[in-house]
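The values are calculated or read from the model by the stated rules, or taken from the named source; none is laboratory data. No experiment lies behind these values; they were computed from the predicted model shown. Heads up, the Cβs are rebuilt from the backbone with ideal geometry, glycines too, and the neighbour counts pull from every protein chain shown. Protein only, heavy atoms only, side chains kept; ligands, DNA and RNA dropped before computing areas. Shrake-Rupley method; radii C 1.70, N 1.55, O 1.52, S 1.80 Å.
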Amino acid sequence: MNPHHTADFLAANANVDTVKSLVDELKTMRPAYTSILDLFGPIFLAQERARESVTARPGKVTEARLESFQHQERFLVDKTAFTIDMVSAKLLFGEICAIAVKSDAREMRSQTVLMRTIMAPDFDPGPLFQAVINDDEDFFRTTALAYQTSPQTLHLPAYNSIKPSITSGASMLKRYLPEDLSWQKPGCPVCGSLPVLSFLDAAGNRILICGFCWSEWKVPRIWCPFCLETDSRKLHYQSGDSEKEYRIDVCDQCRFYLKTIDTRRLDRPFYAPLEALVTAHLDLHMKNYHAA
Ligand SMILES: [Zn+2]
Ligand SMILES: [Zn+2]
């Protein structure tokens, strides 16, 4: 664990019991999210269980790559360096499809037949997993056409099944990241993907979380992670009165925004995948801006 973490600080990974009680707490606090929590709560639990036994070792980082990373010229590895624990991912894929079949979430209501089809033993999800790693949008488009669904619907069980392999690989790569790393390039220092969320830790440090490998990295407080703007007149944040733990960092230069959790104002453990989910209402106010 990083030194900025306090005892009840979970960020991207957590134990199953904590996730379970957090899901229940959030359902009570925000009933509008009940159906989406009924879908993703069990998915997160299945992922945390899978993570306990997953074996996925990322490829070796070459000397040359490590050197350009240390000079902040390039992030550490390409996404294709992540390996997938196929046994674990295929089991999880079946579990996630079964959860989706029972789901009442808007996204899943019309997808029951699809989920039943792709969870059948004669469907091989391997190529879908590889397409996530390869960012192969064409593959998702053509497969979605063949199954009369959307690429996003197929991406959901595919990405979520390999996520334990990816986050476990990312945690093995953490040893290459210096303790005092202040990464000042756009995207994740490990895999180059854009941040999904940021948070302020107990000491007020600003930490970004990767939307692909869920690595965390510290960045300057007055700095845009998308266009690297540092002019404080162009960077500001919006916060509501009712949810004191949330704010939205906005850049007037590139018009991107990022949701931020102030963990000093959070009275529950911080589990980033759940917070990303139950802050969807904040995105509705940001229609004139871009999300990562
Ligand atoms: Zn990453
Ligand atoms: Zn910007």
Pop out the carbon and sulfur fraction of the accessible area of the chain as a percent, whole number, probe 1.4 Å.
51
Surface accessible to a 1.4 Å probe, Trp217 within the full protein complex, Å²
10
With each run of n ≥ 4 DSSP H residues scored as -39500 (n - 2.57), what mean residue ellipticity at 222 nm is computed for the chain after dividing by its residue count and rounding to the nearest 500 deg cm²/dmol?
-12000 deg cm²/dmol
For the chain, the percent of all C-alpha pairs falling in each 5 Å bin, from 0 up to the bin holding the max distance, is 1, 5, 11, 15, 18, 18, 15, 10, 5, 2, 0, 0
How high is the FRET efficiency from Arg57 to Ala280, r the C-beta distance, R0 45 Å, rounded to 0.05?
0.85
So what J values fall out for segment 176-181 if you push phi through Karplus, 6.51 cos²θ - 1.76 cosθ + 1.60 with θ = phi - 60°, rounded to Hz, Gly and Pro as x?
7, 8, x, 3, 9, 4
Those trypsin sites (Lys or Arg not before Pro) in segment 218-277 that DSSP places in a loop and that have at most 10 other beta carbons within 10 Å
Arg233
Which whole number in µm²/s is D for segment 14-176 by Stokes-Einstein, with the Kirkwood Rh taken over Cα pairs at 20 °C and 1.002 mPa s?
125
Taking 0.36 nm per residue of sequence separation and subtracting the Cα-Cα distance, how much length would be gained by fully extending the chain between Thr117 and Asp138, in nm to one decimal?
5.5 nm
When the charge dipole of the chain is computed with +1 on Lys and Arg Cβ and -1 on Asp and Glu Cβ about the Cα centre, the Cα farthest towards its positive end, among Pro31, Tyr257, Cys210, belongs to Tyr257
Just how far, in whole angstrom, is segment 12-82 from segment 232-286 if you go by their alpha carbon centroids?
20
At a temperature of 10 °C and a viscosity of 1.306 mPa s, determine how fast segment 195-284 diffuses translationally according to Stokes-Einstein, using the Kirkwood radius over alpha-carbon pairs as Rh; express D in µm²/s, rounded to the nearest whole number.
119
Most mobile of Gln130, Gln47, Gln148 per a Gaussian network model of the chain (Cα springs, under 10 Å)?
Gln148
Of Pro157, Pro121, Pro195, which has the largest mean-square fluctuation in a 10 Å C-alpha GNM of the chain?
Pro121
